[in-house]
1. Counting only residues 5 or more places away or on other chains, whose amide H sits under 5 Å from the amide H of residue 16 once H atoms are built in the peptide plane?
2. As a test question: what accessible area, to the nearest 10 Å², does residue 112 have when a 1.4 Å probe is rolled over all protein chains in place?
3. Determine which lysines satisfy two conditions relative to residue 7: a Cα distance under 17 Å, and not lying fewer than 8 residues away in the same chain.
4. Using the Karplus curve 6.51 cos²θ - 1.76 cosθ + 1.60 with θ = phi - 60°, work out ³J(HN,Hα) for each residue of segment 149-157 in order, rounded to whole Hz, and write x for Gly and Pro.
5. Which of the lysines could a cross-linker bridge to residue 182, judged by Cα under 27 Å and excluding same-chain residues fewer than eight apart?
6. Which of the aspartates and glutamates could be linked to residue 188 by a straight reach, that is with a Cα gap under 19 Å, when you skip same-chain ones fewer than 8 residues away?
7. Helix 171-190 versus the longest principal axis of the chain: what angle, 0 to 90°, nearest 10, using Cα atoms?
8. Counting only other residues whose beta carbon sits under 14 Å from that of residue 90, what net charge do I get with K and R as +1, D and E as -1?
Amino acid sequence: MYDLYPKVFGAQALPLKLGIFHELVANHPDLLEAKALREALGQHTRSTRYLEQVATGVQRHDLQGHPVEPLAPEHVHQAIMEVARRDRTANSPAGQAKLRLRLRNAFEASGLSRGAYAEQVKPPLEAWNALLDHAYTEDGAAAAKREALLKAFESSGQTLAQFADMYGMDLAHTENSLEQAKQDRASKQSE
């Protein structure tokens, strides 16, 4: 597979678009035996390096390595949980913090409300539900900090550069936080 499609089966295992099996069979009817291909794709998509990429939430790719469709939130969530299950350090405080951050980032990237996200990912174990609840809480705390920063900026009457300098903050990080706070605010107003 690497020889035929190095961009998706190379060193970085990109998430594959849905229906890739049928496309491979159609493209190479004499070269690839369907049963062997199904087994090979199954091994590939269950590998930790593939799941690591899915867990980051990058888009699905076609055989030429072009992004073609977003990953479903439940696929990202399942990959995060499977990678954590395989990780020997997952039960350490640092491992738990890393897992919560990944869950929080996946939830935030989904653009879904808490209820819609939970309905889509349907965490199967109570322990996973607790981790997801903790990630939701952390996301709410981060949103509250961003909102407080936005209110302080709006009431300061200063330029972005002056405001960031006054608080000893990185200009790019401050700008990003303020933009995210504006998006959070707009999202709340549209609900």
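1. For residue 16, the qualifying residues are 61.
2. Looks like 50 Å² after rounding.
3. Answer for residue 7, where 17 Å is the Cα cut-off: 17, listed by chain and number.
4. 5, 5, 4, 5, 5, 4, 8, 6, x
5. Once the sequence-local lysines are set aside, what remains near residue 182 is 98, 145, 151.
6. Within reach: 108, 138, 139, 147, 154, 179.
7. That works out to roughly 90 degrees.
8. Residues close to residue 90 contribute a combined charge of +3.
The values are calculated or read from the model by the stated rules, or taken from the named source; none is laboratory data. Since we're looking at a predicted model, the values are computed, not measured. Reconstructed Cβ throughout: ideal geometry from the backbone, glycine too, with neighbour counts over all protein chains shown. These accessible areas exclude ligands, DNA and RNA; they are computed on the full protein's heavy atoms, side chains included. Shrake-Rupley method; radii C 1.70, N 1.55, O 1.52, S 1.80 Å.
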